[in-house]
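What follows is a single structure, written as structure tokens, with notes after it.
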Amino acid sequence: MASNSQVLDKGTAHLGGATNPFSSWTVCIAVIFILGFAAFVRLRLIDLPLERDEGEYAYSGQLLLQGIPPYKLAYNMKLPGTYVAYAAIMAAFGQTDRGIHLGLILINGATILLIYFLGRRLFGTICGLVSAAVYAIYSLSYSVLGTAAHATHFVTLFGLGGALVLHGTLEKKRALLIFWSGILFGLAFLMKQQAVFFGVFGAIVLLWHEWHRRPQERRVFLRCASLFAGMVVPFAVACAALAVAGVFPRFWFWTFSYASQYATITPLEVGWEYLCARLCSIFLAAPIIWIVAVFGLVLLLRRIRKQHNAFFTIALLATTFATACPGLYFRAHYFIPLLAALGLLAGAAIQLMADEIYRRQWNRNWLLIPLALFLAASTDAAVRHRALLFQLSPDAIARAIYPNNPFPEARAVGRYIRDHSTPDSRIAVLGSEPEIYFYSHRRSATGYIYMYALMEPQPYALTMQREMIAEIESTAPDLVVLVGVYTSWLGRKESHLLVSEWLESYPRNHSEQIGFADILPDSGTVYHFGDREGRESQPKSRSFITIFKRTTNPSSLSQ
């Protein structure tokens, strides 16, 4: 039987019990190539118009840079971490959609590196490279809306960072490192509530590991307490800062009281339909990658009792899936964290195949089989996404991914408002297009930057409608933007009609029409801003954005 040294002499390096047929320089070049590919595609798409969630984060971040705390002029159920992240990105790269997408390139690149290091630590270098490549390709996919800077990109970054630090502490006795792992999990939670499952993941992994080590009760308690303490710190600091800013009651209402109602609207059977449709879409975006990942899952399930790393990976898979489940909405971008676990499973499959070839001491040429399988999977994914990756323009991609949404039009409307109003002008967007506030660099006349909550069958809806109407009428905005697009309202049969009745009179009784964007399904969008057509005509399409300029004296509105 050949010795290990003889096998090494044949050109197969063996690091940490895992096959690695590549030199350190080759690995470095491969990582740079993966990062470069992802950055190249995202740079090509850097002019993508912001979608709604990006608009919300960008507007809230813009307000933060002006010294205005979250939840004062923009209400939403999301925790404030992503607002702070956007503010930091815009402080570095500018308050533009380009600046935001430059920040996303860095966030995505950092996440790819974390996946590489985590995969390498868990199973070996091949696993790290495959995992990073899978995430780099899949996180661009239209099936998860990966081109937009959603909160889940930030959740994935901090969640994986916490997982990597946690894995490095399992064999060490320093509770401080576990504390820092908790800090990272806490930051993930601050980006979005669903990331609380990363904290659960950390506790389960710690308990599993200690249970297999003749646990001492004091040691287990200290390690779990350190993790929990770290998780609490970011949220506690955020709560204290919001209390000092005087917005804590509104923050608590939106992020917990209303959010709990929002999470219970979807019936179980409807949620199941959403889940099946979403998973089918994500699977069809790269089916070979899924097949390889499922094979990796089977291999790890067979090792779960003997290998801590197998349990760690499967627990991470369950965690990232769980983050998509609250509310049963299963929206596309909720699955971005799952892509990291998917990449690790695919990487584990390729690595374990290579390890088996090494263990059986077969000819090293057999290593080409798992590598060829990975290349086939990644090539298949790239071919399926070739239009997005290499061909379509940013606006064409926005229209293809979001066919019934006015995102390119919102950018044009926002820039027109910025050029034809004063910096202290207040505007009201009657629709769910907060990106208009961001593009226009104008503050909102109401904190209701989305209309969805007003239309939902939840107990606060009518009160919200009344509050929004009162805020707009008391502020008397200089400009009112009416978004006549169904996806900007999502009205239901059971929706309260108060705001609909109010819309019939308010804009036209107190303002004059100065322009509109007519979103024609076949011939594109026609803009009439400031011309005679924009003042005297009406949109021909059922999808439009109309701009009104106030004509009445603000004092008369309260009479």
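The values are calculated or read from the model by the stated rules, or taken from the named source; none is laboratory data. Fair warning: this is a prediction, and the values are worked out from it, not measured in the lab. Reconstructed Cβ throughout: ideal geometry from the backbone, glycine too, with neighbour counts over all protein chains shown. Remember, those area values only see protein heavy atoms, side chains included, never the ligands or the DNA or RNA. Shrake-Rupley method; radii C 1.70, N 1.55, O 1.52, S 1.80 Å.
Odds and ends about this structure:
- Total residues in the range 36-71, condition open to solvent by less than 10 Å² (accessible area, probe 1.4 Å) and over 17 Å from residue 97 (Cα atoms): 2
- For residue 392, the stated conditions hold: it is open to solvent by 50 Å² or more (accessible area, probe 1.4 Å), of a type in the set (A, V, I, L, M), within 30 Å of residue 138 (Cβ to Cβ) and at pLDDT below 95.
- Here residue 324 clears all of (1) open to solvent by 10 Å² or more (accessible area, probe 1.4 Å); (2) outside any helix (DSSP H, G or I) except the condition numbered (1).
- Residue within the range 321-336 that is of a type in the set (A, V, I, L, M, F, W, C), over 24 Å from residue 204 (Cα atoms) and without any contact (Cβ under 8 Å) to a residue 12 or more places away in the chain present: no
- Residue among 360, 386, 331, 364 that alone is modelled with pLDDT of 95 or more and either over 20 Å from residue 295 (Cβ atoms) or not acidic (Asp, Glu) (or both): 331
- For the range 219-269, the tally of residues that are small (Gly, Ala, Ser) and more than 25 Å from the chain's Cα centre (by Cα) stands at 7.
- Restricting 376, 398, 410, 381 to residues that are over 27 Å from residue 136 (Cβ atoms), surrounded by 13 or more Cβ atoms within 10 Å (Cβ to Cβ) and modelled with pLDDT of 90 or more narrows the list to 410.
- Screening residue 421 on (1) under 29 Å from residue 94 (Cα atoms); (2) in a helix (DSSP H, G or I) shows it passes everything except condition (2).
- Which listed residue, of 470, 476, 398, is touching a residue at least 12 places away in the same chain (Cβ under 8 Å) and at negative phi: 398
- Just one of (1) within 24 Å of residue 116 (Cβ to Cβ); (2) open to solvent by less than 20 Å² (accessible area, probe 1.4 Å); (3) of a type in the set (Val, Ile, Thr) fails for residue 82. It is (1).
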